[in-house]
1. What nm value, rounded to one decimal, do you get for the distance between E227 and R668 when each label is placed 7 Å out toward the C-beta?
2. So how far apart, in nm, are the two label points at C193 and N646 if each is 7 Å from Cα heading toward Cβ?
3. Roll a 1.4 Å probe over the protein heavy atoms and report the accessible area of L1063 in Å², nearest 10.
4. Please sort 303-314, 412-423 by packing, taking for each peptide the average over its residues of neighbouring beta carbons within 10 angstrom, highest first.
5. With a 1.4 Å probe and all protein chains in place, put T189, T302 in order of accessible area, largest first.
6. Determine the sum of side-chain charges near N386: Lys and Arg each +1, Asp and Glu each -1, restricted to other residues whose C-beta is under 11 angstrom from that of N386.
7. So, in Å, what gap is there between the alpha-carbon centers of the range 452-481 and the range 239-288?
8. Got a sec? Which residues in the range 162-186 would a label at K275 touch, if it sits 7 Å along Cα→Cβ and we count backbone N under 19 Å?
Amino acid sequence: MRFWLRNEEMALEEMVQRLNAVSQDADEIMHQDIAPLCAADIEDQLKKQFAYLSGGRGQDGCPVITFPDYPAFSEIPEKEFQNVLTYLTSIPSLQDTGIGFILVIDRRQDKWTSVKASVLRIAASFPGNLQLVLVLRPTGFLQRTLSDIAFKFNRDEFKMKVPIIMLSSVPELQSYIDKTQLTEDLGGTLDYCHSRWLSHRTAIESFALMVKQTAQMLQSFGTELAETELPNDVQSTSSILSAHTEKKGKMKEDMMLALKEGHTILESIREPLAKNPEYSLNQDQLDNQTTVQRLLDQLGETEAAFDEFWAKHQQKLEQCLQLRNFEQNFREVKAILDVVSERLSAFTDVGNSYAHVEHMLKDLASFEEKSNEAVEKARALSLEGNQLIQSKHYAVDSILPKCNELQHLCDEFTAEMSRRRNLLHQSLELHSLLEKSMKWCDEGIYLLASQPVDKCQSQDGAESALQEIEKFLDTGAKNKIQELNKVYKEYESILNPDLKEHVQKVFQKQESMEEMFQKRQVSLKKLAAKQTRPVQPVAPRPEAFTKSPCPSPGLRRASENSSEGNAPRRANYRRAKSEMSDVQQGRSGSMMGDEENLAILRRHVMNELIETERAYVEELLCVLEGYAAEMDNPLMMHLISPALQNKKDVLFGNMEEIYHFHNRIFLRELENYIDYPELVGRCFLERMEDFQIYEKYCQNKPRSESLWRQCSDCAFFQECQRKLDHKLSLDSYLLKPVQRITKYQLLLKEMLKYSKNCEGAEDLQEALTSILGILKAVNDSMHLIAITGYDGNLNELGKLLMQGSFSVWTDHKKGHAKVKDLARFKPMQRHLFLHEKAVLFCKKREENGEGYEKAPSYSYKQSLNMTAVGITENVKGDVKKFEIWYNAREEVYIIQAPTPEIKATWVNEIRKVLTSQLQACREASQHRALEQTQSLPLPTSSNTSPSKNQTKNVKKLEERKTDPTSLEGYVSSASVPKNPDKSKGWTKTSYSLDAAEDNDGWSSTEEPLNSSDAEEEGGAGPRKLVPGKYTVVADHDEKGGPEALAVKSGDIVDLLHEGEEGLWFVKNLTTLKEGWVPASNLLALIGNSKSAQSLSSSESGTGSTFLSSSSSCSESCNATFSDIKG
């Protein structure tokens, strides 16, 4: 740093010296020190030409000033006369003026009186040294004679420091001054043009003034640059560098203009030479040329000195900017490294099982992959710093320690990561050994339990059992723990108290099992050595022996024996189990921990919950005060970009509402449970509705994210971040609410894990389920707001229950054949939204943008009214498919889910919707039937008179007024639509709820016939078929004869009449085919479904006006949802 400052000071001193020399030369040229006059100042006086400096010289090199014949010489004001003489005498060099001037006064056309006055005036006013005065007297005879006489008698009046010579003619003049030094009007050959001379003098003096001003500006600018202090931040340094560069460019422009002006003057002076090479410049012209050339040379040298100074200054500023960028990047990278190092330090657990350690290794690998980016940035920044050092940066003392620190942090992080990985691999190895040992012990127990007692009484049986035991014990070399101390020593680095206790319990179990084997071996050896009377086996109880999940070969062989050995084997197994009960209890204790340890863990989770909640509240307050409130601060308005004006609600959403809820309510209530962490689930349940505010925040997040991307570079955000001293920008804090609502479910899971047997376990489970439900609702709503093209109001469709992507095939009965065939083979990719009142089919569009802008969009295609929807839960050939059919299978949509689990979830949810609608229809039908019974007269048939059947039906209706499960109602003919096919909620057939459950068919628009109806009517026994229309609930393809009829699930069939041998003649109204079907098959095909026609036929005869209540139910359901189009 000192080296650079010293170099810059030296460059500045050199430039200042050169600039001072230029200023002095310019002053000399303009004679500012003697007579502060310029040609431009007295241009009008010089133009009168009563005196001029022609450039001629006398024999000694004396400058010649000519006073030409000027009639109005006496009328020239004294001031003007003095100015002109002073200026003319100041032009020649000091050397020439020191010799003295020669004055040539031309008065050939004047009178003696004027000559006298002129000579006296010149003698009195001439400011310079005079060497000789030559006067051309009047040429007239009278005036010449008079002048001779007068001059003799008045000689004393003309006494001057130099002699005055009266000349009668020009030739006499040429004897004093060479002809080449006289102008043409004095008979000489000297080329002189007064206007050209005046132009040159004005230009030279103007150029000298320009050079002087340029030198002064350069000097001032150089001083400013040298006195500039280096800023401490990137923005200020960049601004200073830009401002100085701009000023330097202006200085260079001024110098270029000055140089251009000087060359133009030089060309003007040399113009006669360009026209005539033989032309000879007079002395004044030569002096002018020398003067301009000297100024140009000095100006060029000054420019070079300035460029050298500027190069050093610019290099200093650029290196300062590099340093500030390096320091800023260093702070950012170090902060990131500190965070990842802190997170790495949290990987202290060594796991409690093999699967747990595997999961931790995956987490560590994922963390390492994410952290590598930060480490690579740090190494790249260290390399950049070393490059700055190699380029001889002035701040080596500042850069080198930071590079070393970055390298140290990276090496330390890498070493710690490697150490953590090695520890986990050791833990994985140890847990693998422990699990092998436990598995080996379990297999030994099963082996002992599987050896039948009766078989072991014989010598052969005992020897066989001994062989099995010996064979099994041979496998212990690679499965059991050999030496406990060796394990302790080998895995000392990972053995915490819990894990060490676990190892001890496993080893104890292993020793206990081996002791059991030794006792069994002793007993079997005695039996094998001496034949004893076999034990009479007891008849076994009729119960199955529970198989081991890992049966040994001996166990498999024993299972192949007769059932007579089951009871002894079971007794042996129980005995072996009882012998090992202590070991297994110890293992359970080591895995789960005692109640005291669980309480400690619960308190730990509770402390984390409260501490993070407090930090969350503080962060929200910091954002609201440091950013949101500042947007209304008049002093900060000038920093807010136009795109950000009046957008506070868009940027922050309802963050203030979230803050007030957590600060005033939730945090305080959480603190009440600090001593009862297992009961904290109640706190969440009591405030679960308040958490709905997060749905509004998340729905606004895409708009907030988009606005942030547009205005992230705004100076307002940078200033607020600087004031708050935040390392992260605002977008990181705007993500906090989203991160917080997802954090709760993790903490609740942890709390539930340690509270299984506590009082509040059920509340914790319910709270966890509710939080997950809120997260699902938030996620669903994010998808819902992305739907485009839907004309209606999505809120009118009810709550969004499910959403997901599926493959969809369509089958429309009224569609074109080719379209149907194509649809069977090529599925459509659709995103389905299941609402309470409708299911929407949308097409998912491509995802664009970043962050929240990357969310997909959905183009609305169609919707189905849930009051007219049915489902078939299983489709042959694919467990992932199910059907959604509409208007009695006029439209069928085959839906293929990604997995069977997703399919099952959707089917269950749709079933719930249909069931709830069915219950609503039942209640509406019952209510309507009661109203009609009380207010309307009984309807009469159009072709029959009132009969006993009608009386019976009226009686039955009255009896069923109190039956809440009955859906059979009755309405007048005026209430029936003329064209029921056009009413979307209407179906011609009823559908058994029981059959739907048995055959996967569900529809809320079809009337279920209660299975207890027959009992209510007093009947009992098997169901009897009656003619009428039915819905098929299972596929049937009879291949017994040509007259057999094939039907499919969902088809509408009409039972026409019963034939012989239990056959019914049936017409398939869907395919319009007819045929015979056995009655036994019909009962299975139609289940309990019964058509409106058959119901009315069986109860009131033909032509009855009774209708299925499903029609009126659908009508009532559709009354508020008629705008949904299929």
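1. Between E227 and R668, the simple spin-label model gives 6.1 nm.
2. Result for the modelled spin labels: 7.1 nm.
3. 50 Å²
4. Packing order, densest peptide first, comes out as 303-314, 412-423.
5. T189, T302
6. +1
7. Centre-to-centre (Cα) distance: 116 Å.
8. Zone members listed by number: 183-185.
The values are calculated or read from the model by the stated rules, or taken from the named source; none is laboratory data. These numbers were taken from a predicted model, which means no experiment stands behind them. Cβ sites come from the backbone with ideal geometry, for glycine too, and all protein chains shown count toward neighbours. Calculation scope for accessible area: heavy atoms of the full protein, side chains included, ligands and nucleic acids excluded. Shrake-Rupley method; radii C 1.70, N 1.55, O 1.52, S 1.80 Å.
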